[in-house]
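Novice: Let me begin by handing over the structure; questions about it come next.
The values are calculated or read from the model by the stated rules, or taken from the named source; none is laboratory data. Predicted model, so just to flag it, every value in this text is computed and none were measured. Here the Cβ positions follow ideal geometry from the backbone for every residue, glycine too, while neighbour counts run over all protein chains shown.
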Amino acid sequence: MDKIKRLHEEAMRLPLLPGVYIMMNKDGEVIYVGKAKLLRNRVSQYFIRTQSHPIKVLKMVESVDRFEFIVTSTEVEALVLECSLIKQHMPKYNILLKDDKGYSYIKIGEGDFPRITAEKQKGEDGEYLGPYMSFFSVRQSVEAANQVFRLPTCHRAFPRDFKKERPCLNYHIGRCMGVCRGNISKDEYNKTFSEAISFIKKGEKETVAFLEAEMQKLSDDMEFEKAAVLRDKIKAISRISERQTVRTEGHRNKDYFAFVRHEKGIMISVLSFSKGILRDKADYNSDTAEDIGELVRNFIIGFYETRDIPEYIIADEEPEGKEALEEYLSQKKGSSVKFISDSKAENKRILLMARENAAEKIAFISKVRGSAVSVLSETARLLGLASPPVYIESADISNTGTDSMVGVLVVFKNAAPYKKAYKKFSINDLPTENDPAAMAEVFRRRFMRYLNEEETDEGFKTKPDLILLDGGKTQVSAVKEVLKELNISVPVFGIVKDDKHRTRALTDGEGEIAIKRTEGVYKLCADVGEEVHRFAITYHRKKRTKNALGKTLTSVSGIGEKTAARLLRKYKSISAIEKKTAEEISSEVKISKKTAEKLLEFLKERH
């Protein structure tokens, strides 16, 4: 029995209960672990319509020799068990995050005069805050705390180095309190140090509130000099905070996740906000075999293995089993954790920033424009495609009657015109003007060339990731029928226009997907529509002119349609023919000298 058929039959015997499934290869190695709300439904999906799976999922399915399962009481129990098994087996096709080796920390030193420093690894001494995703953000926080509270950043050791050297430049420009002078007591220093730690841990709002209360108390006690010191600290915090322009409303802790598809996987960008201010950012690249819902869920679980969990999580993709994931994270955090939608303008703005970060990271790796990566990922997400449509084809028909009907094919590669792959088609076999039939004819001829094993033309031999027609349901249905007839699988969508001929939506022939004018997909559709229309009109105009010239030439005795066509192929225009001699025309086009003389005489008389 075929292996896939056998596995499907076994999957159909699974219970309709929550649990965990474990995929193994022929050597008994665990290659994938997954969670299911209903085991039978989830596992059986792997072994039906396998050719429609994304490539990485298909590779995983092809490697599976058998599977095991564990039934649990609840979906949350299944989630906990899945996490445990992934840690235990480190399966090849699950998403696996790096360990703490690549993270950064804020070190709170020890001793009588401790320091705050940015570190790339944990040591044995002192207290460590973190891990944080980027060293840049850690260094920023440390520099801000040291600057606001005027802590020393030099390499001197205190009290050993009191008064051994003159104070450094930082003291003279007001960035250090000058511990090296030996005039600051351990208690005074540690009080300021505690304020700096509070600033890092609690954020500017709580720190400023505390300092303002202390300042007011000192003013009431008429200790104006000490109050002025606190006033300067509050001003310094304000100056530092003004540099931080990326904020969210309120003072909640929120993490934003953007999942951006590209040719080789999915780039994940994370922006972490603490007390309403962007504190951390990181990018991860995934090429796992998980579908997007599973990937979102498993990435988020792995992400919070070593990090504090915020109150709110906002992602541009829905995690599989969102309610169970919320419950799992809430139990882990010890308080409520909520996934919230991107419906608010602020959340959309931050997610867009995260998507742009991911797109630029992909662009850096792949050497493709960041804007192209972003719009193609957006298109894939909007249309439900497994991967971004790097190679898009579109066709248009232009005619003034069936005798001069033409069709054209344009190609957009990485969201830009790819003119070397453009194609032209003369359509002479249709008895009446029928754009859907003509569109079907263009794609039938195009894909017959694709199926021809002897074909060498790059444009014909490349299978598009998406067909985007400048037409509605009728054209889409006509092209889909051709693809079905030829057994070729390519997603087909039509650009639907409003009464002002502006793009309004995309249709797959059955339903519509609305497009907002602010979205990148709108501009891509507009660019494709304008380009295919321009190319069709240009080709039609040229053909019509050529037909008219051909009819002019056949007025000469001895010149029929075939000879007229040969003349135009050779000379392109009437003016070019007029510059030739009868002898040259006779020799180059293979007609008699007498006919060539008649032709030149006829053209001369036309003026």
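Novice: Please specify each residue of segment 68-97 satisfying the condition of being touching a helix residue (DSSP H, G or I) at 6+ places or on another chain (Cβ under 7 Å), in a helix (DSSP H, G or I) and hydrophobic (A, V, I, L, M, F, W, C).
Specialist: If the condition is that a residue be touching a helix residue (DSSP H, G or I) at 6+ places or on another chain (Cβ under 7 Å), in a helix (DSSP H, G or I) and hydrophobic (A, V, I, L, M, F, W, C), then 76, 79, 80, 83 are the ones that fit.
Novice: Also: Could you list all residues from segment 287-296 that are free of Cβ contacts under 8 Å to residues at least 40 places away in the same chain and farther than 15 Å from residue 269 by Cα? So that I can check it myself, show each step before the final result.
Specialist: Here is the first cut: in segment 287-296, the residues free of Cβ contacts under 8 Å to residues at least 40 places away in the same chain are 292-293, 296.
Correct list: 293 only.
Novice: Quick check on this structure: which one of 303, 339, 299 is touching a residue at least 12 places away in the same chain (Cβ under 8 Å) and within 17 Å of the chain's Cα centre (by Cα)?
Specialist: From the options 303, 339, 299, the qualifying one is 299.
Novice: Right, next: Go through segment 264-284 and report how many residues are modelled with pLDDT of 85 or more and among the polar types (S, T, N, Q).
Specialist: Selection size over segment 264-284: 2.
Novice: Please give the strands (runs of 3 or more DSSP E) falling wholly within segment 434-513 in which 1 or more residues are assigned by TED's automatic domain parsing to the domain that holds residue 393 and in contact with a Lys or Arg (Cβ under 8 Å, 6 or more places away or on another chain). Lay out the reasoning, then the answer.
Specialist: Values: elements: 466-469, 492-497, 503-507.
It comes to 492-497, 503-507.
Novice: Another question about this same structure. Which count do you get for residues in segment 106-117 that are part of a strand (DSSP E or B) and in contact with an Asp or Glu (Cβ under 8 Å, 6 or more places away or on another chain)?
Specialist: Residues meeting the conditions: 3.
Novice: Let me ask another. Looking for whichever is modelled with pLDDT under 85, closer than 30 Å to residue 288 by Cα and of a type in the set (Phe, Trp, Tyr) here; the options are 149, 135. Which one fits? Outline the logic, then answer.
Specialist: Numbers: 149 fails: closer than 30 Å to residue 288 by Cα.
Of 149, 135, the one residue that is modelled with pLDDT under 85, closer than 30 Å to residue 288 by Cα and of a type in the set (Phe, Trp, Tyr) is 135.
Novice: Of 91, 114, which residue is buried (at least 21 other Cβ atoms within 10 Å of the Cβ) and at pLDDT 90 or above?
Specialist: Matching residue, one of 91, 114: 91.
Novice: Being acidic (Asp, Glu) and over 28 Å from residue 129 (Cα atoms) is true for just one of 187, 220, 232. Which residue is that?
Specialist: Unique residue meeting the criteria: 220.
Novice: Take segment 287-300 and flag every residue that is under 14 Å from residue 33 (Cα atoms) and either buried (at least 18 other Cβ atoms within 10 Å of the Cβ) or in contact with a Cys (Cβ under 9 Å, 6 or more places away or on another chain) (or both). I'd like the intermediate steps shown before the answer.
Specialist: At the first step, the residues of segment 287-300 found to be under 14 Å from residue 33 (Cα atoms) are 288-291, 294-295, 297-299.
Passing the criteria: 288, 289, 290, 294, 295, 297, 298, 299.
Novice: If a residue must be outside any helix (DSSP H, G or I) and farther than 19 Å from residue 298 by Cα, how many such residues does segment 25-44 contain?
Specialist: 5
Novice: When segment 175-207 is examined, which residues are found to be surrounded by 12 or more Cβ atoms within 10 Å (Cβ to Cβ) and more than 16 Å from residue 115 (Cα to Cα)?
Specialist: Matches in segment 175-207: 181, 182, 202, 203, 204, 205, 206, 207.
Novice: Please pick out the residue among 22, 48 that is touching an Asp or Glu at 6+ places or on another chain (Cβ under 7 Å), in contact (Cβ under 8 Å) with a residue 40 or more places away in the chain and among the aliphatic types (A, V, I, L, M).
Specialist: 22
Novice: Kindly provide the set of residues from segment 338-368 that are touching a Leu at 6+ places or on another chain (Cβ under 8 Å) and within 24 Å of residue 417 (Cβ to Cβ), ordered by number.
Specialist: Answer for segment 338-368, where residues must be touching a Leu at 6+ places or on another chain (Cβ under 8 Å) and within 24 Å of residue 417 (Cβ to Cβ): there is none.
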